[in-house]
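Working notes for the structure below.
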Amino acid sequence: MQHKIFNQYSDAKNQIDAWKEDGEKIVFTNGCFDILHKGHVSYLFEASKKGNKLIVGLNSDSSVKIQKKSPNRPLQDESSRSFVMASLYFVDAVILFEEETPFKLITRIKPNILIKGADYKIEDIVGGKETIAWGGEVITIPLIEGYSTSAIERKILE
């Protein structure tokens, strides 16, 4: 699994370039994925079916803090979260990013397909305009209701 985990884009560049040279359809999505649950796995599996290679941009610990989701977050460190994410057979690469959004990562990777959950409007998806500009596609995937890390965290704290 470690071979799927990259600490930054430059570490993954050769692999991504090789996939592109082979004509692979690159799918990109991102998130914190703090506690991997059914909603996440369903979403990621559906995303993986849209192309040949699924790249997950994973918020680093410092990036999660910027998100201000909860003072307790991240609940798991980036090493644990990236290991769990890479263990999914349909995830081909996990790339950590430090920024608040994955914009820089998206514009470097230039995926064929950019995916977010249906709780986002296409026009509000970070990197969406740029993806469309280079001929890519932006897609939203329906989420499974009742599954969220925030809800799990609330339940644990009760």
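The values are calculated or read from the model by the stated rules, or taken from the named source; none is laboratory data. Computed from a prediction, not measured in an experiment: that's the story for all the values here. Virtual Cβ from ideal backbone geometry, glycine too; neighbours counted across all protein chains shown.
Structure values in brief
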quantity	calculated
Options ILE109, ILE113, ILE122: the member that is surrounded by fewer than 19 Cβ atoms within 10 Å (Cβ to Cβ), touching a residue at least 24 places away in the same chain (Cβ under 8 Å) and over 11 Å from the mean Cα position of the chain (by Cα)	ILE113
Members of the range 125-144 that are surrounded by 14 or more Cβ atoms within 10 Å (Cβ to Cβ) and either at positive phi or among the basic types (Lys, Arg) (or both)	GLY127
Members of the range 107-126 found to be out of contact with any strand residue (DSSP E or B) (no Cβ under 6 Å at 6 or more places or on another chain), assigned to a loop (DSSP other than H, G, I, E, B) and either at pLDDT 95 or above or farther than 22 Å from VAL64 by Cα (or both), listed by number	LYS110, VAL126
The range 127-158, subset assigned to a loop (DSSP other than H, G, I, E, B) and hydrophobic (A, V, I, L, M, F, W, C), residue modelled with the highest pLDDT	TRP134
Tally, over the range 61-96, of residues that are in a loop (DSSP other than H, G, I, E, B) and either in contact with a Gly (Cβ under 9 Å, 6 or more places away or on another chain) or among the polar types (S, T, N, Q) (or both)	4
